[in-house]
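Visitor: Pasting a structure here, questions to come.
The values are calculated or read from the model by the stated rules, or taken from the named source; none is laboratory data. Worth saying up front: this structure is predicted, and the values here are computed from it rather than measured. All Cβ positions, even for glycine, are placed from backbone atoms using ideal geometry, and neighbour counts span all protein chains on display.
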Amino acid sequence: MKSVLISIQPQWCELIASGKKMIEVRKTRPKIETPFKCYIYCSKGKTFLYKNPNNGELFLDSNGGYRGGDYEDRFLTGKVIGSFVCDKKYNIFRWGIGVAVTNEKNEIMPADILRKGSCLSDDEICDYVGNGEAYGWHITEPKLFDKPKELSEFGKVCNRYENDECDDCPYLQVYVNSYPCDDCVDTWCGVDNIKPLTRPPQSWCYVEER
């Protein structure tokens, strides 16, 4: 199954984990067939996301951020916190003063599906879509990791490897016995030809789990 990493703000992460948010609205969509797996990166915002160690539920806190100590695994902002499967996609576009929704077969769908599933108001959806179009990623099988993952645990296939240009790689001369030196470990693709992520996507990107 193809995978993507998607950046989602803390308040929406909480709603996805609780099962209340079932559609993620984006201006673009992956050019892959459904179903596909989405890893959730909890982006930084005005609030911070934590996990309750007693019941595993998520909660928001606007005071501070990372508190150190045993909060390390509870603090989820800036981490890959879980995943979901996108099993279908909706097309969203302006229709008069509102929006229209179609499924992957181009059949008209009730607008309530989008309104209730996205947890957005009609005005918010219209403002986001503007005069263009957007896509609704339908969320199924949301899961939280027991321990959040770092961005470096995910990566992209190296472009040089895909284009059979490894001989021209500037890191080719700096590794010994298939292991990179300490200075290039964050940028070298490694023996699996996957370059680790060093920064989150603004919206989403294709990834491989390392």
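Visitor: Which condition number in (1) touching a Cys at 6+ places or on another chain (Cβ under 7 Å); (2) over 26 Å from GLY130 (Cα atoms); (3) at pLDDT 95 or above is the one that LEU49 fails?
Guide: (3)
Visitor: Does PRO148 count as surrounded by 13 or more Cβ atoms within 10 Å (Cβ to Cβ) and either modelled with pLDDT of 95 or more or of a type in the set (Asp, Glu) (or both)?
Guide: no
Visitor: Can you find, within segment 52-78, the residue that is nearest to GLU150 (Cα to Cα) among those that are part of a loop (DSSP other than H, G, I, E, B) and at pLDDT 90 or above?
Guide: Across segment 52-78, the extreme among qualifying residues is GLY78.
Visitor: Filter segment 79-132 for residues that are in contact (Cβ under 8 Å) with a residue 12 or more places away in the chain, assigned to a strand (DSSP E or B) and in contact with a helix residue (DSSP H, G or I) (Cβ under 9 Å, 6 or more places away or on another chain) and give the result.
Guide: Passing the criteria: VAL80, ILE81, GLY82, PHE84, TYR90, ILE92, PHE93, ARG94, GLY98, VAL99, VAL101.
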